[in-house]
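Enquirer: Please find one structure pasted underneath; my questions will follow.
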Amino acid sequence: MKKLTVLAVVLVFLMLVMFVAGCGGKGGDADPGWDEPGSFEEDEGYDDPNDITGGDEFYDVYAEGLRLMGLFKELEFSHSSVDSNSEFRAGASFSLVGEETVDGQKTRHFACTYFESSNGNETEGKLEVWVNENFEPVQALVDGALLTGSEVLPATNEFDYVLSTLGSDRFAGVRSEKELKERIETEWNIEKSSRETRDLGFGSIEVTRYELSQLFDPKEFDTSRADNLVFEYTRVGSKILFTKWVDAHKWLDSGYESVTEITVERVIPY
């Protein structure tokens, strides 16, 4: 009789455990919720150059380097970052020459220029680069010498680095104009907004401009700082691109200032 009672208790306990797990209780690991629409795992907010879609989605060009060649067939931009102790200036351009097969790989051939200046040290270059479908350099022409194999990467590293300075992490990963406006209204004071037409290489297009300000209260953030941001964006092909940043910070207690400016002078989509 005692054995039957113990067996009954065990069976009831097992049924309760199965019920709780099936209902998603504390022990329910079968459905952690990661696959819900809009979850982080499904949509990290980064654009793949091979997966360009329409709508009001933004290009995410932050730190993309040579992968930018999968987004645009022509691009020219400049970047400067200046503060009380240092100065950095850089710029780069590339334009599509054509498509060729190199060592059995389908490649895109680009003519490129770049420059970099940091605290008095200056570098500039002119080269041609062939990138494969993964945007890896497979061939380069530098100072009249055609480079292949292990010589290609060192010859293109500096150019790739300068390209990676396009874009700011202020709104990196922003997916749409709606999301951008929500971020702005939540975090910034809108001093001015406007629209104008401009030609960036493929005809007149409408450019949206924002001038924003932000004050950090030392009681909340352990710093007394004022930020000012000017940025512009426009539709380039099937997506929207940030084309100008002027990002200024001033620490009110010490007077220390820094300004970063990024400007796209020319861009042509595929």
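Enquirer: Rounding to the nearest 20 debye, state how big the charge dipole of region 153-223 is about its Cα centre with +1 on each Lys and Arg Cβ and -1 on each Asp and Glu Cβ.
Expert: Charge dipole of region 153-223: 240 debye, to the nearest 20.
Enquirer: May I ask which of Lys192/Lys239; Lys73/Lys192; Lys126/Lys192; Lys126/Lys178; Lys73/Lys244; Lys106/Lys244 have a Cα-Cα span longer than 29 Å here?
Expert: Lys73/Lys192; Lys126/Lys192; Lys126/Lys178; Lys106/Lys244
Enquirer: Now, a different point. Classify region 55-129 from the C-alpha gyration tensor, please: rounded if a/c falls under 1.5, else prolate or oblate depending on whether a/b exceeds b/c.
Expert: It is oblate, given that a/c is not under 1.5 and a/b is not larger than b/c.
Enquirer: What do you get for GluC sites (Glu not before Pro) in region 98-134 restricted to DSSP loop and a cutoff of at most 14 other Cβ within 10 Å of the site's Cβ?
Expert: Glu133
Enquirer: Now, a different point. Over the alpha-carbon set of region 177-269, work out the extent along each principal axis and list the three values in angstrom, largest first.
Expert: 48, 26, 19
Each reported figure results from applying straightforward, stated rules to the coordinates on display, with no laboratory input. As the structure is a computational prediction, the values presented were derived from the model and not from experiment. With ideal geometry, Cβ positions are generated from the backbone for all residues, glycine too; neighbour counts draw on all protein chains shown.
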